[in-house]
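What follows is a single structure, written as structure tokens, with notes after it.
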């Protein structure tokens with residue numbers, strides 16, 4: 001699997017929100033289940049998981065400290081988009097323990113998966129002869145961030161993708177979802193050709 005570009009996570013900021021948690025609350029679970037995904041992603045640990053995890057289950061299993069509420073929640077931001085990404089998220093603190101809430105993490109995962117899906121739709125036109133897999137898709141996102149973003153850096157969805165996955169729970173969720181849907185070279189998706197994988201996107 002291609003390595004995500006990420007900065008080292010800093011220590012909790014002295015004025016970070018409250019981080020004491022005992023699992024997700026019922027309200028958090030309901031809010032996370034209401035988030036819209038375009039595909040029934042399995043967030044359980046790859047490869048070939050024998051169980052099915054919804055997004056809230058992965059976040060509930062995460063040991064990384066989460067905030068009870070963050071700026072995105074306070075602004076009542078319904079979803080993350082290229083236009084509002086850095087308006088409601090501090091790029092320098094995205095990977096900081098206790099900075100993001102469970103719901104904002106869920107919204108970031110949904111946004112990253114949307115970026116991946118959009119990139120997959122033009123994958124074969126941009127990468128002729130390359131099999132569509134999670135690792136090759138991540139490389140295409142990286143190349144798009146490098147070559148298609150000049151002039152729109154602040155609003156580049158590919159650069160925002162790599163900013164989002166600095167957070168370890170977002171990275172874990174996106175890794176699992178992409179690998180379980182598209183596979184990687186050593187662990188291909190069973191009984192699914194690259195053409196079929198593209199038609200699913």
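In this label model, residue 84 and residue 33 are separated by 2.4 nm, measuring between points 7 Å along each Cα→Cβ vector. Subtracting the Cα-Cα distance of residue 186 and residue 48 from 0.36 nm times their residue separation leaves 48.5 nm of extension gain.
The Rg/Rh ratio for region 26-200, using Cα coordinates for both the radius of gyration and the Kirkwood hydrodynamic radius, is 0.96.
No value in this document is a laboratory result; all are computed from the given coordinates. Keep in mind it's a predicted model, so treat the numbers as computed, not measured. Glycine also receives a Cβ, built like all others from the backbone with ideal geometry; neighbour counts cover every protein chain displayed.
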